[in-house]
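Report on the following structure.
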Amino acid sequence: MVQKTQCAQKFIITKSEVRLERILLLEHEKSKSQNLNITCTWNENSDCANCNIKGKLDCKWQNHLLLRFYKGAGPLMVFAIIGFIIIGLNVSWIPTLIYIGFWVFFFGFFEIKVLCSHCPYYAEEGRVLHCLANHGTIKVWAYNPNPMNSFEKFGFFAGALFFVFFPVLVEIYGLMEIYRLSIGSDLLIYSLLGLIILGLIGGIFFFYILQRNICPKCVNFSCPLNRVPKKIVDAYLNKNPVMKKAWLESGYQVE
């Protein structure tokens, strides 16, 4: 009799555990489904073929779009790296360490908070960001469907200016130090002058690529560099209720 009671208890416990596992599984699938439905960018069931704004936004992940961004930023970064190496070997490595620290802080924590967390690409499930610019960054912040506020826009602009112009300022400083201390050859001096000019050209080229090829189709609409027409923004928001609700509550008007 005791053995039958024990078996019944074990059966009840096992049945309860199975029921609990099913509930947890259903909740996980529900959460996953809700996460995907935050934005059609990551919803595999989106009817992209019949979308009325198809081809007008870069709203789906594609490798060639990321390569386009790297091609724009590549020359600027190559000139900056060469400049830091020359200054490090002849004057000081401190500017290089400052720039490395800036990269870790800005791209790893600050920019991803003030800019990336507002982007539909950030709504993807998982801890790694897959997007058309900061691809591979760890998502340390939660997705925020609201548009960027004034502080976030200012912070992004300040960081972007530092990213572009700090290497040029370091090269100017290094050139002045090398000339003052008479520790460099004419070739070194002219090389730094060339890097300063190329760095400025690289910055202008990067901005041109952004404004011509990337910003007019970018789904991070509240970015201060974004150039997507309002009617396209409205059409995307109408397809994404979570994002639309957040934007309406922030004062945006959808036509």
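Odds and ends about this structure:
- Cβ-Cβ under 6 Å pairs, at least 6 apart or on other chains, segment 104-126 side under 17 Å from VAL233 (Cα atoms), far side surrounded by 14 or more Cβ atoms within 10 Å (Cβ to Cβ) and of a type in the set (Gly, Ala, Ser): HIS118/SER222
- Pairing residues of segment 127-145 that are over 24 Å from TYR252 (Cβ atoms) with residues that are among the hydrophobic types (A, V, I, L, M, F, W, C) and in a loop (DSSP other than H, G, I, E, B), at Cβ distances under 8 Å and at least 6 apart in sequence or on separate chains, gives HIS130/TRP61; HIS135/LEU129; GLY136/LEU129; THR137/LEU129; ILE138/LEU129; LYS139/LEU129.
- The residue that is nearest to the chain's Cα centre (by Cα), counting only those in segment 242-255 that are within 20 Å of ASN52 (Cα to Cα) and touching a residue at least 40 places away in the same chain (Cβ under 8 Å), is MET243.
- Exactly one residue out of TYR208, TYR236 is among the aromatic types (Phe, Trp, Tyr), at pLDDT 95 or above, more than 28 Å from PHE105 (Cα to Cα) and out of contact with any helix residue (DSSP H, G or I) (no Cβ under 7 Å at 6 or more places or on another chain), and it is TYR236.
- For segment 81-95, the candidate set comprises residues that are in contact (Cβ under 8 Å) with a residue 40 or more places away in the chain and in a helix (DSSP H, G or I); within that set, the residue that is surrounded by the fewest Cβ atoms within 10 Å (Cβ to Cβ) is ASN90.
- Cβ-Cβ under 6 Å pairs, at least 6 apart or on other chains, segment 206-232 side without any contact (Cβ under 8 Å) to a residue 40 or more places away in the chain and loosely packed, with under 15 Cβ neighbours inside 10 Å, far side assigned to a helix (DSSP H, G or I) and not hydrophobic (A, V, I, L, M, F, W, C): ARG227/PRO216
- Of all the residues in segment 99-128, those that are touching a His at 6+ places or on another chain (Cβ under 7 Å) and either modelled with pLDDT of 95 or more or under 17 Å from PHE69 (Cβ atoms) (or both) number 1.
- Out of GLY155, GLY194, GLY159, one residue alone is closer than 17 Å to LEU76 by Cβ and within 26 Å of the chain's Cα centre (by Cα). It is GLY159.
Conditions tested, residue by residue: (1) closer than 25 Å to TYR208 by Cβ; (2) among the aromatic types (Phe, Trp, Tyr); (3) surrounded by 15 or more Cβ atoms within 10 Å (Cβ to Cβ).
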position	(1), (2), (3)
ARG68	yes, no, yes
LYS113	no, no, yes
ASN149	no, no, no
LYS153	yes, no, yes
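The values are calculated or read from the model by the stated rules, or taken from the named source; none is laboratory data. Small disclaimer: the values here were computed from a predicted structure and weren't measured. A quick note on method: Cβ atoms are made from the backbone with ideal geometry, for glycine too, and the neighbour counts reach across all protein chains shown.
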